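Asks: Pasting a structure below so you can have a look.
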Amino acid sequence: MIYLKHVFSTVKKHSPILYWIVITHFIFAIGCLAASLIDDRTLMGISVWVKPLKFLISGAIYILTVGFLITLYPFSKRKKNLLNNIVSWSFLIEIGLIIYQGSRGVQSHYNRSNSFDSLIFTAMGILIAINVLIMALFIFDTIRLKLKTPKLLQWAILLGWLILFFGSLVGGLMISKMSHNIGIEDGGPGLPLVNWSTIAGDLRVAHFFGLHGLQIIPIFGLLIFNNWKTTNRNQMIIVTIFGLVYALWIGYTFYQAKQGLPFI
């Protein structure tokens, strides 16, 4: 809890706009949760407000993570502000489109039923592509620069960016095939909230774990750094092993989905 408070205070100090966009995401998430309790409309078997809710929470976590990590990079203030604004505003616009489509009771993703919906989906794709390029930039800069953090944590951050980048490519695969289920059409029975299919393969599982590698691996590295009193070499080895195991786990969930098998 102390670390979380530190993250929020650091982001608020260094990028107030990004901070308030994160807060806006959480406020709208509460609104979507309330709407799901009042509005009984469904889309593909679930409330029309579930997808906006999921993306609001996930987006807020990602934006907050970027806002905090960027303070560790020796960038100029101008470069930090530029990257923070691109990430936060692009995500805000994208989630705005997702909320809008949800409020209409239509799909936001893979929706090319008419020119208007196709335009919205294309705009979302462009916004996502911009952020994938920024991920690549962070990978490059994490390799070439010395971050204001111990080497162990810089290594954990690099692993997190790499897994995030390749996890994002799963999203590109879903867009190319215009669906996330394998073996059946999208929809049908799914797990609570995430709605991952319980009867067929679902590429969203690997995509989810890939996207949140940027939080999970650095947090693991921080725990090792603070709590395991051993040599830096041993700490690096255990963080590397954890990163590889995590990557293999994502690979397994991807393989499982491609075989048409449900996660659970």
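Asks: Starting from 0.36 nm per residue, how many nanometres of slack lie between LYS77 and VAL106 once their C-alpha separation is accounted for?
Replies: That works out to 6.4 nm of additional length.
Asks: Return a whole-number percent for the relative contact order of the chain, with Cα pairs under 8 Å and 6 or more residues apart as the contact set.
Replies: 17
Asks: By its C-alpha gyration tensor, with a ≥ b ≥ c as the square roots of the eigenvalues, how is segment 1-148 shaped: rounded for a/c under 1.5, else prolate for a/b larger than b/c, else oblate?
Replies: oblate
Asks: With r as the distance between the Cβ atoms of LEU137 and TYR255 and R0 = 41 Å, compute the FRET efficiency 1/(1 + (r/R0)^6) and round to 0.05.
Replies: 0.90
Asks: If you don't mind, another one. Give me the net charge for the shell around LYS177: Cβ to Cβ below 14 angstrom, other residues only, Lys and Arg +1, Asp and Glu -1.
Replies: Neighbour charge sum, excluding LYS177 itself: 0.
Asks: State, to one decimal in nm, how far the label point of ASN234 lies from the label point of TYR3, with both points 7 Å from Cα in the Cβ direction.
Replies: Label-label distance for ASN234 and TYR3, simple model: 2.0 nm.
Asks: Taking a cut-off of 20 Å between Cα atoms, list the lysines near LYS177, but don't count ones fewer than 8 places away on the same chain.
Replies: Filter leaves LYS51, LYS258.
Asks: When the Cα centres of segment 1-77 and segment 117-166 are compared, how far apart do they sit, in Å?
Replies: Comparing the Cα centres of segment 1-77 and segment 117-166, I get a distance of 18 Å.
Asks: Same structure again: Just tell me, in residue order, which DSSP H segments of the chain are both 27 angstrom or longer along the helix axis (alpha-carbon based) and at least 0.5 in mean Kyte-Doolittle hydropathy.
Replies: 16-38, 50-69, 115-144, 151-177, 232-258
Asks: Given LYS79/LYS146; LYS54/LYS80; LYS13/LYS151, which pairs have Cα atoms separated by over 18 Å?
Replies: Pairs exceeding the cut-off: LYS54/LYS80; LYS13/LYS151.
Asks: Sticking with this structure for a sec: Of GLY221, GLY201, GLY31, which is the most mobile in a GNM of the chain whose springs link Cα atoms less than 10 angstrom apart?
Replies: GLY31
Rule-based calculations on the coordinates, nothing more; no lab input. As the structure is a computational prediction, the values presented were derived from the model and not from experiment. Quick reminder, even Gly has a Cβ in these numbers, built from the backbone with ideal geometry, and neighbours come from all protein chains shown.
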